[in-house]
1. On the full set of protein chains, 1.4 Å probe, figure out the accessible area of A:SER171 and give it in Å² to the nearest 10.
2. Okay, which of the range B:27-44 sit inside 20 Å, backbone N to the point 7 Å along the Cα-Cβ direction of B:THR71?
3. Between A:ILE159 and A:VAL138, how high is the FRET efficiency from 1/(1 + (r/R0)^6) when r is the Cβ-Cβ distance and R₀ = 22 Å? Nearest 0.05.
4. Taking R0 as 56 Å, what's the FRET efficiency between B:ARG271 and B:LEU186 from their Cβ-Cβ distance, rounded to 0.05?
5. Could you give me the radius of gyration and the Dmax of the range B:7-227, taking only the C-alpha atoms into account and expressing both in angstrom?
6. Once you place label points 7 Å from the Cα toward the Cβ at A:ILE111 and B:THR313, how far apart are they in nm?
7. Treating only the Cβ of Lys, Arg, Asp and Glu as charged (+1, +1, -1, -1), what charge dipole size does the protein assembly as shown show about its Cα centre? Round to the nearest 20 debye.
8. State which helices in chain A qualify, where a helix is a whole DSSP H run, it must extend 18 Å or more along its own axis by its Cα atoms, and its mean Kyte-Doolittle hydropathy must be at least 1.0.
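The values are calculated or read from the model by the stated rules, or taken from the named source; none is laboratory data. Everything numeric in this text was worked out from a predicted model, so none of it was measured. Here Cβ is always computed from backbone atoms with ideal geometry, including for glycine, and neighbour counts include all displayed protein chains. Surface areas here come from the heavy atoms of the whole protein model, side chains and all, with no ligands, DNA or RNA. Shrake-Rupley method; radii C 1.70, N 1.55, O 1.52, S 1.80 Å.
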Amino acid sequence: MAKSLAAEPAGLGRVMSPSGTDYSRALAVRERRFATALLAPAFLALMATTTFPLLYLIWTSVHRMDLAMPFADGFVGFDNYRELLQDSRFWASLAVSLIYTGTTVVLQVVIGLALALLVMGMKRGQGLFRIIAILPVVLSPAVVGMVWRTFMLAPEFGIVDYFAIMAGLGSQNWLGDPTLALVSVVVIHTWQWTPFAFMVLLASLAALPDDIYEAARIDRASAWQRFKRITLPLLRPAIVMVIIMRTMVALTAFAAIFTVTGGGPGTATEILNLYAYRKSFTELSIGYGSALAVALLIVTVLISAVLFAVRRAR
Amino acid sequence: MNMRGQVHFDRIVKMHGNFSALKGIDFTIQPGEFFALLGPSGSGKSTTLRILAGLDMPTSGTVVIDGKDVTALDAKDRDVAMVFQSYALYPHMTVFENIAFPLEMAKVGKAEIEPAVREAARKVKIDHLLDRKPGQLSGGQQQRCALARAIVRKARLFLLDEPLSNLDAKLRLETRIELKKLQRSLGVTAVYVTHDQEEAMTLADRMAVFMEGQIQQIGRPSEVFAKPNSVDVAAFIGSPPMNLIEGRYADGHVEIEGHRLRTSHQIAGSRNVIVGIRPGAMRLEAGGLPATVDLVEDLGDTAVLDLTLGGATLRARVSDGPVPKEGQAVSVTARPEDIHLFDATTRKRL
Ligand SMILES: Nc1ncnc2c1ncn2[C@@H]1O[C@H](COP(=O)(O)OP(=O)(O)O)[C@@H](O)[C@H]1O
Ligand SMILES: [Mg+2]
């Protein structure tokens, strides 16, 4: 039985399969070579722009490379890393990074989901809402930082400060006070990137079938129960995906904070990325800066490993 | 038995923009009745069921369940169970969780849920599949899961929207019989939507025939079959459908293509009519209408003949006697009481 089944399509197989005859085998080899030739430039470019700089980064991180004191340069082994573990500013910047990432990601998902649910319920104007929502995303983070710094947060003139005064809170030094500055950069990042979470979750929501919500109404589920028992579980893959993508971006955020506070006041908004930058290009300790960058890379990889494990779980 | 589940529809109208999906629906369903909404696709059956379930609001009119006006009540407060045509199972829950869901929503205790779910699953023969997700079930099993979810909570109304239409023919027949037994044993009021007249005929205690947003006729299936009150209903009920031929009535006879047949109808005067004769009521006997056999469909115990009679085509189902050959000339007739007459202009039964 099995034999006859296998025998039947053999005629077809000879024509189709690359290993059928010498001729087709030669053709397959030629085709594979051609494919390799086509792929090679892109592959080399990718190597040159990702793998090579990464290896170079690790290489510099085990050296002392100080542009201010070039005479002291040389291989130092893990000295930079040992120093890093003792460095309270490293731990502080790591803490700022984690706070910044945690709060912005949670806010983006919660606000994005709330907006998506709201817009799904709208009878008209959905299209307009989507267009307005996409605007912050297409702006450069550096531009966003400048806009917030000048139009929104400037004392007396900024829109946010104006509302604070109107609300009786008085004018605040939004970027000068350590706590307010951290809140401000979190708000700015959330403002810019919530639309991304909103759009992904809106698309997932729109793809959920209507009939199960009707079934749930028949089954006497309240609006809250329908959200908790049906919407959330079905949206879970999309939510986890948004969390993963936004976490990666938040951990390596740079431009907006750089233009708004530059990491200050003091080190109040200095995320790890910014500290590595300052060490390397302000204090010119490239070796130590590289070690900081490698540490950031390790943190990022660890967190994404955890998140992907969560995604795979059930 | 329980006296819950009485339904009354009073002048229900449903508009979609300028289009009226329902043009004034009235009916009453008695407790424990199996009531079918029968009609061609697009005639407003699902709309009616959804308004009864509380999933859609009527544009005007009142829905009364058990003496209480529920028109403004949402589905979740109506205490009705429903089987959707698409089944609408919760894809992320197991069969057990799907069936348990309506009980959990009603705050039934954990200890009571487990046996209730098993009992419902056993009734529809899926108690061995409780750990599966809907995506791992066949169409028939999904359908049973949807049934179990609907019967588990013993709601006062059991609504079904074409529940068998996605099953293959054999399974459809089996499930149809089980469904009837299930409804009998539960003693619950069932409202059943279908476009399949055979399903409605076999299942329903009474049925409402829908056409273009209106009910054409309500009655027991046998009544509707025996006395369709319009040409449209006559053409819809019965398989193969009733022969409908233009003719003329005069003093106890109808004249078709120049030939006369006696009818038991007594109407004053003479008038243009549409004559209806069921294929099964046609007899191959001498002294009737001369016709030619076009096609013979032999179904084993019966045969369906396509006949040409002047410009008209008729179908006859014969179950005894010799089956004529194609091309043969025959004479067809019907007993006077088997001849239905409809007015040629109003298309209503005379
Ligand atoms: N949401 C809607 N918008 C516009 N027309 C609708 C809508 N729902 C149903 N209809 C129309 O109402 C009529 C009745 O539909 P329905 O009750 O689903 O018919 P069926 O008898 O096949 O179940 C159909 O012509 C359908 O196109
Ligand atoms: Mg329908």
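1. Its accessible surface works out to 50 Å², give or take rounding.
2. Backbone N within reach: B:27-29.
3. Numbers: r = 21 Å, r/R0 = 0.95.
So, using R0 = 22 Å, E works out to roughly 0.60.
4. Numbers: r = 50 Å, r/R0 = 0.89.
The pair B:ARG271/B:LEU186 has a calculated efficiency of 0.65.
5. Considering the range B:7-227 through its Cα atoms, Rg and Dmax are 17.2, 53 Å.
6. That separation, rounded to one decimal, is 6.8 nm.
7. 720
8. On the way: long enough: A:22-46 (35 Å, 0.48); A:88-120 (47 Å, 1.73); A:126-138 (19 Å, 1.85); A:178-207 (43 Å, 1.52); A:232-251 (27 Å, 1.88); A:286-312 (38 Å, 1.92).
Helix filter hits for chain A: A:88-120, A:126-138, A:178-207, A:232-251, A:286-312.
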